[in-house]
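Notes to accompany the following structure.
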Amino acid sequence: MADDIRIISADSHLTLPNELVHEHLPAKLRETVAEAEKAYAAQMLAAKPQKAAQAELKKEREALGAAMAQMPTMGKGAPWPAAGRPGESNAVERLKDMDIDGVEAEVLYVGAGGASFMALSPEERVEANRAVNSASIEWASVDP
């Protein structure tokens, strides 16, 4: 690659660890939000059986050990070198993945966009989205 070419991804996705989001929630909402997230995940798995199969494959790989858990679940190979690595949710590892892929900067889209919060009251949704935003800022603070 030529030295004068800079790659900036304008459509990268991030899965924030739920624990990080929950740390930014008021204590009284943590259990309520966790239940809403579980219900939403169950609904999505029921609507998309292929996702349930991928989740099962991931559990099987995790049971086989950390090295296997990092393998992409995209079938044979992956469309980019860093696919399937911990950089999906770990900021330090994300920077390593960006180096592997030759990406200098990213615009990140976080999770499901708050869809899992739809069962919450409007006030609870505001707090949950505020927690996602705060967690995102914390996550990105590793290399702003």
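The values are calculated or read from the model by the stated rules, or taken from the named source; none is laboratory data. Every value quoted in this text rests on a predicted model; they were computed, and no experiment measured them. As a convention, Cβ positions derive from the backbone with ideal geometry for all residues, glycine included, and neighbour counts pool all protein chains shown. Ligands, DNA and RNA are stripped out before the accessible areas are found, and what is left, the full protein with its side chains, is counted by its heavy atoms. Shrake-Rupley method; radii C 1.70, N 1.55, O 1.52, S 1.80 Å.
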query = Do we find that residue 58 is at pLDDT below 85 and loosely packed, with under 12 Cβ neighbours inside 10 Å in this structure?
reply = no
remark   = Restricting region 130-144 to residues that are free of Cβ contacts under 8 Å to residues at least 60 places away in the same chain and touching a strand residue (DSSP E or B) at 6+ places or on another chain (Cβ under 9 Å), the one least open to solvent (accessible area, probe 1.4 Å) turns out to be 140
ask   = Taking region 1-13 as the region of interest, how many residues are among the charged types (D, E, K, R) and either without any contact (Cβ under 8 Å) to a residue 24 or more places away in the chain or part of a helix (DSSP H, G or I) (or both)?
value = 2
ask   = What pairs can you find where one residue is in region 14-36 and closer than 15 Å to residue 139 by Cα, the other is part of a loop (DSSP other than H, G, I, E, B), and their Cβ atoms are less than 8 Å apart, with a gap of 6+ or different chains?
value = 14/89; 14/111; 15/89; 15/111; 16/89; 16/111; 17/89
note = Checked pairs for region 115-129, first assigned to a helix (DSSP H, G or I), second of a type in the set (Phe, Trp, Tyr), C-beta under 9 Å and 6 or more apart or across chains, list as 115/40; 116/40; 117/40; 124/117; 125/117; 128/117; 129/117
